[in-house]
Amino acid sequence: MGALCCRPTPVDFDGDVSLFHFVLLRCVGKGAFGKVRVVQHKQTRELYALKYINKAKCVKMKAVPNVIQERRLLEEVDHPFIVNLRYAFQDDENCFFVLDLMLGGDLRFHLERLGSLSEEVVRFYVAQLSSAVEFLHENGIMHRDIKPDNILLDEKGNAHLTDFNIAVHFSERRLTGVAGSMAYMAPEILVKRGYTCHIDWWSLGVCAYELIFGRRPFRGRTNSDLTYSITKDPLKWPEDAEKKCSRQGMQVIKGLLDRDTSKRFGCKPNGEGYQELRRHPWFKTIDWDTLESKEQIPPFVPDSKKANFDASHELEELLLEDNPLKAKQRKANQDNLTAEMRQMEEQFTSYDFKKMQRRSYYPHNQQLISTATGTSSGIASRPATPANDLRPDAGVTVNNSMELHSADLDSIRPEMNEKEYH
């Protein structure tokens with residue numbers, strides 16, 4: 001009779017999605033209050049990335065609104081060059097995001113390994129990412145943290161934007177709170193006179209410069225030095241710039257890094273800025289009509305025989321984890337929850353892209369109703385930034401950015417007046 005008690009409970013795939021629906025595979029990333037691992041759906045056999053966030057740590061770090069904000073924003077995002085949400089659910093200990101799997105690694109990983117990337121490769125990424133940025137802006141969303149660490153490649157070499165932890169909706173009212181990774185912040189953020197979605201085009205320009213030349217365009221040893229450089233210093237090119245980048249490429253980078261947002265590439269209203277960027281001669285090799293269908297062959301294909309992420313995460317999971325992740329039945333009694341735990345319980349709602357239509361939680365976006373049609377491809381979260389590397393030039397997320405992918409020590413809670421929670 002004892003053997004009967006040990007039989008696994010059959011999985012109800014017709015019921016609400018839960019961790020019981022997935023096979024847990026290798027751990028590929030670690031963050032401040034969560035981890036990322038590869039999972040396989042038991043019914044469809046599809047591979048995904050599972051990002052899970054410990055609720056108790058989330059409450060301790062005052063990041064509950066961030067997690068709910070990210071969950072809500074991701075439901076209304078569905079684009080070929082974004083790491084899209086496929087499932088969302090929670091148990092008593094964790095909140096779970098099930099996302100498209102990116103097996104090609106992030107651009108920080110490849111940049112550190114290669115030193116720099118060719119102009120041809122970077123042009124392809126900028127084209128793909130500009131498509132994603134324009135999609136976000138059309139839907140009233142600004143990302144606020146575009147950097148190589150948050151750009152993931154699939155196994156074929158297509159670039160995808162990820163990490164919406166500090167993304168927000170925007171309107172005519174400009175934001176003033178400092179958010180993002182300082183080295184990639186637009187000058188209008190740092191001068192604190194108000195900013196809007198134009199900041200994402202600046203960050204894309206910083207990424208393009210860094211990927212081609214292996215260094216950032218604006219640098220400083222201290223926060224004040226870096227702020228001065230971003231807001232005041234002229235854009236300078238390395239001595240060997242013309243060996244690495246054509247004049248047309250430098251024109252695009254310079255256009256993205258224009259401090260005057262009325263002249264910055266991508267910023268003209270009603271999508272004209274994006275169209276202007278597309279028409280630039282630098283992109284003459286890009287077939288924009290087939291770009292989003294991923295029919296074009298990427299110029300760089302990650303090595304599938306190598307791990308395109310820090311393999312130490314899996315070893316740490318095996319040797320050091322005192323509370324390994326496993327599927328658990330939920331407790332029936334939820335009467336003794338704190339206010340923060342109750343907020344997560346009620347507002348981190350379940351989502352299943354096979355059964356539900358994407359929707360917006362924000363009143364001004366209620367016209368959004370889009371059926372999810374994406375397929376999983378493949379993730380490796382980026383290697384965590386070393387905790388002792390907190391120089392302002394190190395690409396660390398600062399101020400009110402709660403970065404999941406790294407254990408950065410200078411993250412603090414966001415300004416609550418910038419977000420909408422219902």
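Read-outs throughout are calculated quantities, based only on the coordinates presented, and are distinct from any laboratory measurement. Given the structure is predicted, the values throughout are model-derived calculations rather than measurements. Note that we place each Cβ from the backbone using ideal geometry, even for glycine, and neighbour counts take in every protein chain shown.
Give, as ranges by residue number, the residues of the range 254-296 whose backbone N falls under 19 Å from the point 7 Å along Cα→Cβ of Val191.
Of the residues in the range 254-296, 254-268 have backbone N under 19 Å from the label point off Val191.
Is the C-alpha gyration tensor of the range 35-107 telling us rounded, prolate or oblate? Criteria: a/c under 1.5 is rounded; beyond that, a/b larger than b/c is prolate, otherwise oblate.
On the way: a/c = 1.78, a/b = 1.43, b/c = 1.24.
Prolate shape, in that a/c is at least 1.5 and a/b is the bigger ratio.
Rank these for me by crowding, Leu73, Leu19, Leu337, going from fewest to most other beta carbons within 10 Å.
Working: Leu73 22, Leu19 19, Leu337 15.
So the ranking, lowest neighbour count to highest, is Leu337, Leu19, Leu73.
I'd like the FRET efficiency for Asp287 and Glu93, computed as 1/(1 + (r/R0)^6) with the beta carbon distance as r and R0 of 41 Å, rounded to 0.05.
On the way: r = 47 Å, r/R0 = 1.15.
FRET efficiency, Asp287 to Glu93: 0.30.
Please arrange Leu47, Leu235 by how many other C-beta atoms lie within 10 Å of their C-beta, fewest to most.
Values: Leu47 19, Leu235 14.
Fewest-to-most Cβ neighbours within 10 Å comes out as Leu235, Leu47.
Jot down the radius of gyration and Dmax of the range 1-122, Cα atoms only, both in angstrom.
Cα radius of gyration and Dmax of the range 1-122 are 17.6, 67 Å respectively.
For each pair in Lys243/Lys294; Lys263/Lys284; Lys147/Lys294; Lys156/Lys306; Lys57/Lys355; Lys244/Lys305, compute the distance between the two Cα atoms and list the pairs where it is over 25 Å. Please list the in-between numbers first.
Numbers: Lys243/Lys294 29 Å; Lys263/Lys284 21 Å; Lys147/Lys294 22 Å; Lys156/Lys306 14 Å; Lys57/Lys355 31 Å; Lys244/Lys305 28 Å.
Lys243/Lys294; Lys57/Lys355; Lys244/Lys305, as the Cα separations exceed 25 Å there.
Can you figure out the FRET efficiency of Thr176 with Leu337, using R₀ = 41 Å and their beta-carbon distance, to the nearest 0.05? The partial results should precede the final answer.
Working: r = 34 Å, r/R0 = 0.82.
Working from the Cβ atoms, E equals 0.75.
For a quick protection proxy, order the peptides 150-159, 215-224 by their average other-Cβ count within 10 Å, most packed first. Display every interim value, and only then the final one.
Numbers: 150-159: 23.4, 215-224: 15.7.
With the highest mean Cβ count within 10 Å placed first, the list reads 150-159, 215-224.
Between Lys326 and Asp12, what length comes free when the chain is fully extended (0.36 nm per residue of separation minus the Cα-Cα distance, one decimal in nm)?
Values: separation 314, 0.36 × 314 = 113.04 nm, distance 1.70 nm.
Once the chain is fully extended between Lys326 and Asp12, it gains 111.3 nm.
For Ser293, Ser203, what's the fewest-to-most ordering of other Cβ within 10 Å of each Cβ? Mind showing how you got there, number by number?
On the way: Ser293 9, Ser203 27.
Listed from fewest to most nearby Cβ atoms, that is Ser293, Ser203.
Please give the FRET efficiency for Arg221 paired with Ala307, using the beta carbon to beta carbon distance and R0 = 35 Å, rounded to the nearest 0.05. Write out the running numbers ahead of the final one.
Numbers: r = 34 Å, r/R0 = 0.96.
For Arg221 and Ala307, the calculated efficiency is 0.55.
Which residues among the range 100-124 fall inside the zone where the amide N is under 12 Å from a point 7 Å beyond the Cα of Ser246, along Cα→Cβ?
119-121, 123-124
Quick one: grab the alpha carbon gyration tensor of the range 54-150, order the square roots of its eigenvalues as a ≥ b ≥ c, and give me rounded if a/c is under 1.5, else prolate or oblate depending on whether a/b is larger than b/c.
Prolate is the answer for the range 54-150, as a/c is 1.5 or above and a/b outweighs b/c.
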